[in-house]
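Throughout, read-outs are computed from the coordinates displayed, never taken from laboratory work. Given the structure is predicted, the values throughout are model-derived calculations rather than measurements. We place every Cβ from the backbone using ideal geometry, glycine too, and count neighbours over all the protein chains shown.
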Amino acid sequence: MNKNLKLIVPENFCEFGKKVNNHINLIRNTNENYIVDMNLVRFNDGEGKCVLNESVRDQDIYILTDVKNYDVTYKAQRGVHHMMPDEHYQDLKRIISAIAGHAQKVTIVMPFLYQSRQDKRSSRESLDCAMALQELERYDINEIVTFDAHNPIVANAIPNKMTFSNGHATGDIILSMLENENIDLNNLFIVSPDEGARTKAKFLADILGGTKFGHFDKRRDYNQLEDGKHPIVYHEFVGPNDLSGMDIIVIDDMIASGASLIDTAKQLKARGAKHIYLMATYSLFTKGIEIFAEAYNNGLFDKLYSTNLVYVPEEYKSLPWYHDVDCSYKVAEIINNLNDGTPVRSLLNGREETANKVKMLKKSFVCVG
């Protein structure tokens with residue numbers, strides 16, 4: 001066991017980091033505080049700095065950060081400012097600068113990959129995700145661990161020194177769903193709301209033992225631009241028209257406003273779906289939760305399952321239609337194995353372990369039924 005393990009946890013991932021610290025102690029049968037004493041100082045003009053209050057020389061450092069946490073605030077000029085992804089990323093660089101090359105190894109655990117939706121270039125536009133990864137590689141970061149990256153191929157931007165590890169939360173979410181819901185596994189259909197999530201739908205279908213799946217094909221109006229996106233004109237379903245009496249799982253990597261997901265649920269209900277469960281690794285709720293509350297009250301879906309890999313307000317977690325899936329133990333296992341030098345592939349992928357657990361749940365379902 002490598003005893004030089006240290007966690008650096010900024011305010012944007014504080015509660016999650018504490019859970020990871022506790023889980024590592026449980027895994028190792030220790031009673032230590034692995035979290036480095038650190039301050040991210042913010043001045044009233046908006047500038048900042050990082051101060052490490054203890055030595056990290058020759059330590060194996062893991063920086064945990066949630067660049068999507070909009071609840072972190074600071075006083076600036078004459079008001080209170082909510083931090084946005086660019087500022088969280090800048091704080092990450094401040095932490096790296098404060099380490100000053102003294103660590104034995106530095107790994108960044110960033111579940112939601114910074115600027116991951118700006119991962120490819122199709123015209124005269126910025127290529128933010130690739131540029132950020134290359135910047136971190138220049139800072140001699142050894143590895144970045146992320147989950148359900150919008151486009152994992154962006155790892156091609158850093159083919160040399162920095163390892164890009166992309167984990168999947170799908171297994172954790174589906175197991176939580178199956179343990180809490182009375183889903184008919186023999187009468188189940190998987191749906192992705194667009195072509196982009198089709199790979200995730202197939203992945204889930206395979207884990208569940210070859211469950212059938214379909215997807216919606218979006219048609220967009222490229223003559224208009226709303227909130228930085230081209231509006232969806234309509235959804236065309238690639239799948240059976242009759243879903244009468246079936247349980248449906250709609251899977252996506254991320255929920256922004258949620259309009260596309262709710263429209264998907266509406267169309268599935270019109271095709272006779274019995275129960276509809278929504279699944280997403282990240283629920284950002286960029287326009288609030290009103291659209292989900294209304295859809296739930298109208299019977300369009302039964303529950304939304306999502307993770308704590310990004311910030312979700314506590315009051316949302318207590319709502320009857322939302323279920324929070326805690327992934328902190330998985331992250332703790334990954335960090336523990338990386339520190340020990342043992343393989344993490346099965347933890348990142350989760351396919352085989354989840355499939356075996358699903359198989360056992362299926363047997364229990366048959367026995368009970």
I want to check the label-to-label distance for N53 and N31. Put each point 7 Å from Cα in the C-beta direction and report it in nm to one decimal. 2.3
How large is ³J(HN,Hα) for each residue in the stretch 298-313, as worked out from phi by the Karplus curve 6.51 cos²θ - 1.76 cosθ + 1.60 (θ = phi - 60°), to whole Hz, x for Gly and Pro? 8, x, 7, 8, 8, 6, 10, 9, 8, 9, 9, 6, 10, 5, 10, x
Once you have a ≥ b ≥ c as the square roots of the Cα gyration tensor eigenvalues for the stretch 1-59, tell me rounded if a/c is under 1.5, and otherwise prolate or oblate according to whether a/b is larger than b/c. oblate
Could you pull out the GluC sites (Glu not before Pro) across the stretch 7-105 that fall in loop regions by DSSP (anything but H, G, I, E, B) with no more than 16 other Cβ atoms inside 10 Å? E32, E47, E54
Once phi is turned into θ = phi - 60°, what whole-Hz ³J(HN,Hα) does the Karplus curve with 6.51, -1.76 and 1.60 give for every residue of the stretch 267-274, x standing for Gly and Pro? 5, 5, 4, 5, 8, x, 4, 7
Search the structure for amide H atoms under 5 Å from the amide H of V325, placed 1.01 Å from N in the peptide plane, and list their residues when 5 or more places away or on another chain. S306, T307, N308
How high is the FRET efficiency from E195 to M131, r the C-beta distance, R0 22 Å, rounded to 0.05? 0.25
Relative contact order %, the stretch 238-345, counting alpha carbon pairs below 8 Å whose residues are six or more apart: 23
Tell me, what is the FRET efficiency for S122 and E314 to the nearest 0.05, using R0 = 35 angstrom and their Cβ-Cβ distance as r? 0.35
Tell me the Kirkwood hydrodynamic radius of the chain in angstroms, computed as one over the mean inverse distance between distinct C-alpha pairs. 21.9
Separation of the T286 and D217 label points, Cα + 7 Å toward Cβ, nm: 2.5
If one builds a Gaussian network model of the chain from Cα atoms under 10 Å apart, the most fluctuating residue listed among A265, A132, A100 is A100
Put a dot 7 Å past each Cα toward the Cβ at I153 and N297; how far apart are the dots in nm? 4.3
Compactness of the stretch 104-195, expressed as Rg and Dmax over alpha-carbon positions, Å: 17.1, 52
Which chymotrypsin sites (Phe, Trp or Tyr not before Pro) does the stretch 38-98 hold that lie in a coil by DSSP with at most 12 other beta carbons within 10 Å? F43
Mind listing the phi-derived Karplus ³J(HN,Hα) values for the stretch 69-83, rounded to whole Hz, using 6.51, -1.76 and 1.60 with θ = phi - 60°, and x for any glycine or proline? 6, 8, 8, 7, 10, 8, 7, 9, 6, 10, x, 9, 10, 8, 6
Compute the helix-to-body angle for 85-99: its Cα long axis versus the longest principal axis of the chain, expressed 0 to 90° and rounded to tens. 40
Which value at 222 nm does the chain reach when only helices count, each DSSP H run of 4 or more adding -39,500 (n - 2.57), with the total divided by all residues and rounded to the nearest 500 deg cm²/dmol? -10000 deg cm²/dmol
Output the relative contact order of the chain, whole-number percent, from Cα pairs under 8 angstrom with separation of 6+ residues. 14
Please report, to one decimal in angstroms, the Kirkwood hydrodynamic radius of the stretch 64-139 built from all distinct Cα-Cα pairs. 14.1
